[in-house]
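The values are calculated or read from the model by the stated rules, or taken from the named source; none is laboratory data. None of the values given here were measured: they were computed from a predicted structure. Cβ coordinates were reconstructed from backbone atoms using ideal geometry, including for glycine residues, and neighbour counts include every protein chain displayed.
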Amino acid sequence: MGFYALSAVFIAALGGFLFGYNTAVIAGALLLIRQQFQLDIAMQGWTASIILLGALVAALLSGVIADRFGRKKSILLAAFLIVIGCFTGATAVDNTAFIWGRFVTGLGVGMISVVTPMYLSEISRAKHRGAIVTIYQLAITIGILVAYGANYALAKQEDWRSMIAWGSAPALIQLIFFLFLLESPRWMVSRGKESKAHEIALKLGIHEELEEQPTEKRSRWSALFKSRGIRLAIFIGLFLSCFQQITGINAVIYFAPQIFEFVGFSSRDVAILATVGIGSVNVLATIAAVWLLDRAGRRKLLLIGTFGMAVALCCIAIAFFVRSPEVGAISLVGMMAYVALFAIGLGPVTWVMISEIFPLGVRAKAISLCTLVNWAFNYILTLTFLDVVAWLGIETTFIIFAILSAIAFLFVLRFVPETKGRKLSEIQKLFS
Ligand code: BGC
């Protein structure tokens, strides 16, 4: 990879970091904010999840924005929104201002989550595409881990304002450096700017693959459902996005300290430390995924990942049922295994596949739709998880996640094709 491609990947991956950090940082910040602004339970839930609502709204609009103004300007706009949102949140004098800040941050994060994988897949060569889009997922996991670290480090001083403010630092870097980076040549092709597109593709080293990209005009939302091939791709993209969330990853990522306290970890510090352990496993397994994606292939990793998640979740649920003295240790090991299996399967592969299975003409809108579904299920799960646990019990909740993981496995087995190593233009033929 040349200099342009590498720097584009680095700066775009900062987007993943922004996604991970800004969504996860609320876990620690909320404990302090609820004291300062005297929040009741309902208000705490609202404060914690408002970022997801912002992301959901932005995901819907981002496809149209990315088509009209380009990938580069959309990423710049997203970074700008995150800076404004973090600033508003960190300086908030009451909870209303804080919620507005988090909502605007959510708009930026939602837009980032649509445009970054799209941009990364459009500037990569076929043989590296899986690894490059997985770098984005790696950046999400590093962002989550750093947020846990910031929570831990700043909790003693009760400094929630710095926790929130730090979320804007990578956005500022992105805002400055992205100004000098290249637009996606594939977007340029879709705008009919062929010669400029080829010039950029040459710099990125993807000119041979670009020539095979058909020049398609941007289409309307209805084009998503016109041909059978696109309908099938949409069906797969939507279900993968949904499974990525309903198999419970964010119950563990956002509520790990509560789960550990529930299973009897004696001190709060131990619970937080166990959470940092989970975050570290997530990062390490995603590093393995970067290496594996273009070697083992997407389908195989999805199958191993979903099957393994189902088994790990069953083991955790059984430990909860039996209430053996080792329940703490078993649930910690089980959760680490579950997170590692997500991190090599549904985590990265969902983002990789939705960035590569749609034809250029409908790509931005289709990714937008899948990402919207992803945020919507994330929002519903986050809002309801604690209530469901109170209602059904933690054992049954985990059994439900296990069953959903098993259904995800069967879905992949039946419907998801292998896209490893294929050019973007070839992948569409798999669906027609
Ligand atoms: C998911 C996030 C999740 C993260 C965990 C991402 O792929 O979209 O919802 O928090 O992985 O690593």
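Check region 155-170 and report whether any residue there is under 24 Å from ARG298 (Cα atoms), among the small types (Gly, Ala, Ser) and either in contact with a Cys (Cβ under 9 Å, 6 or more places away or on another chain) or assigned to a loop (DSSP other than H, G, I, E, B) (or both).
Start the filter on region 155-170 by keeping residues that are under 24 Å from ARG298 (Cα atoms), which leaves none.
Looking for residues that are under 24 Å from ARG298 (Cα atoms), among the small types (Gly, Ala, Ser) and either in contact with a Cys (Cβ under 9 Å, 6 or more places away or on another chain) or assigned to a loop (DSSP other than H, G, I, E, B) (or both), one finds none in region 155-170, hence no.
Kindly establish whether LEU302 is farther than 29 Å from PRO325 by Cβ, modelled with pLDDT of 90 or more and within 14 Å of the ligand (Cβ to nearest atom). In short, yes. Please determine whether any residue of region 56-67 is among the small types (Gly, Ala, Ser), more than 16 Å from the ligand (Cβ to nearest atom) and either crowded, with 24+ Cβ neighbours inside 10 Å or under 27 Å from ILE123 (Cβ atoms) (or both). Scanning region 56-67, I find at least one residue that is among the small types (Gly, Ala, Ser), more than 16 Å from the ligand (Cβ to nearest atom) and either crowded, with 24+ Cβ neighbours inside 10 Å or under 27 Å from ILE123 (Cβ atoms) (or both), so the answer is yes. Count of region 149-173 residues, restricted to those that are at pLDDT below 90 and either surrounded by 21 or more Cβ atoms within 10 Å (Cβ to Cβ) or within 16 Å of the ligand (Cβ to nearest atom) (or both), is 1. Of everything in region 368-408 that is in contact with a Phe, Trp or Tyr (Cβ under 7 Å, 6 or more places away or on another chain) and of a type in the set (Val, Ile, Thr), the residue that is surrounded by the fewest Cβ atoms within 10 Å (Cβ to Cβ) is ILE394. Quick check: anything in region 227-236 closer than 30 Å to MET335 by Cα, modelled with pLDDT of 85 or more and either away from the ligand (no atom under 16 Å from the Cβ) or surrounded by 22 or more Cβ atoms within 10 Å (Cβ to Cβ) (or both)? Yes, some residue in region 227-236 is closer than 30 Å to MET335 by Cα, modelled with pLDDT of 85 or more and either away from the ligand (no atom under 16 Å from the Cβ) or surrounded by 22 or more Cβ atoms within 10 Å (Cβ to Cβ) (or both). Restricting attention to region 324-339, does a residue exist that is within 13 Å of the ligand (Cβ to nearest atom), modelled with pLDDT of 95 or more and of a type in the set (Phe, Trp, Tyr)? Within region 324-339 (the criterion being within 13 Å of the ligand (Cβ to nearest atom), modelled with pLDDT of 95 or more and of a type in the set (Phe, Trp, Tyr)), the answer is yes, since at least one residue qualifies.
Looking across region 174-201, the residues that are touching a Leu at 6+ places or on another chain (Cβ under 8 Å) and within 24 Å of PHE17 (Cα to Cα) come down to GLN174, LEU175, PHE178, LEU179, LEU182.
No other residue among GLY101, GLY106 is over 22 Å from LEU6 (Cα atoms) and within 16 Å of the ligand (Cβ to nearest atom) apart from GLY106.
List every residue pair whose Cβ atoms lie under 9 Å apart, where the two residues are 6 or more positions apart in sequence or sit on different chains, the first residue falls within region 420-431 and is under 14 Å from ARG186 (Cβ atoms) and polar (S, T, N, Q), and the second residue, located anywhere, is modelled with pLDDT of 80 or more and surrounded by fewer than 17 Cβ atoms within 10 Å (Cβ to Cβ). Once the first residue is under 14 Å from ARG186 (Cβ atoms) and polar (S, T, N, Q) and sits in region 420-431, its partners that are modelled with pLDDT of 80 or more and surrounded by fewer than 17 Cβ atoms within 10 Å (Cβ to Cβ) give GLN428/GLY229.
For region 331-415, which fully contained helices (runs of 4 or more DSSP H) count at least 3 residues that are more than 16 Å from the chain's Cα centre (by Cα) and within 27 Å of ILE427 (Cα to Cα)?
360-392, 394-415
In contact with a Lys or Arg (Cβ under 9 Å, 6 or more places away or on another chain) and among the β-branched types (Val, Ile, Thr): is that true of VAL83 in this structure? Here the answer is no, as VAL83 does not meet what is asked.
Taking region 273-287 as the range and being of a type outside the set (Ser, Thr, Tyr), away from the ligand (no atom under 12 Å from the Cβ) and touching a residue at least 60 places away in the same chain (Cβ under 8 Å) as the test, the residues that pass are VAL276, ILE287. Does GLY297 satisfy the criteria of being over 19 Å from GLU261 (Cα atoms) and in contact (Cβ under 8 Å) with a residue 40 or more places away in the chain? Criteria met by GLY297.
Just a yes or no: is a residue in region 205-212 touching a Gly at 6+ places or on another chain (Cβ under 7 Å), surrounded by 15 or more Cβ atoms within 10 Å (Cβ to Cβ) and of a type outside the set (Lys, Arg)? Let's see the steps before the verdict.
Filtering region 205-212 for residues touching a Gly at 6+ places or on another chain (Cβ under 7 Å) gives 205.
Narrowing further to those that are surrounded by 15 or more Cβ atoms within 10 Å (Cβ to Cβ): 205.
Cutting the leftovers down to of a type outside the set (Lys, Arg) gives us 205.
Checked region 205-212: at least one residue is touching a Gly at 6+ places or on another chain (Cβ under 7 Å), surrounded by 15 or more Cβ atoms within 10 Å (Cβ to Cβ) and of a type outside the set (Lys, Arg).
Restricting attention to region 238-260 and to residues that are within 14 Å of the ligand (Cβ to nearest atom) and among the β-branched types (Val, Ile, Thr), the residue that is nearest to SER49 (Cα to Cα) turns out to be ILE253.
Considering LEU39, LEU18, which residue is crowded, with 24+ Cβ neighbours inside 10 Å and of a type outside the set (Asp, Glu)? Don't jump to the end; show me each part of the working.
Working: LEU39 fails: crowded, with 24+ Cβ neighbours inside 10 Å.
Going through LEU39, LEU18 in turn, just one is crowded, with 24+ Cβ neighbours inside 10 Å and of a type outside the set (Asp, Glu): LEU18.
Confirm whether ALA12 is under 15 Å from the mean Cα position of the chain (by Cα), within 16 Å of the ligand (Cβ to nearest atom) and within 24 Å of ALA147 (Cα to Cα). Show your work before the answer.
Values: under 15 Å from the mean Cα position of the chain (by Cα): yes; within 16 Å of the ligand (Cβ to nearest atom): yes; within 24 Å of ALA147 (Cα to Cα): yes.
Answer is yes for this residue.
Note on region 117-147: residues that are within 21 Å of ILE344 (Cβ to Cβ) and within 12 Å of the ligand (Cβ to nearest atom) total 13.
Contact annotation: residue pairs with Cβ atoms under 7 Å, 6 or more positions apart or on different chains, pairing a residue in region 189-202 that is polar (S, T, N, Q) with a partner that is surrounded by fewer than 17 Cβ atoms within 10 Å (Cβ to Cβ), are SER190/GLU216. Could you say which residue among VAL290, VAL270, VAL263 is more than 12 Å from the ligand (Cβ to nearest atom), modelled with pLDDT under 90 and touching a helix residue (DSSP H, G or I) at 6+ places or on another chain (Cβ under 7 Å)? Going through VAL290, VAL270, VAL263 in turn, the sole match is VAL263.
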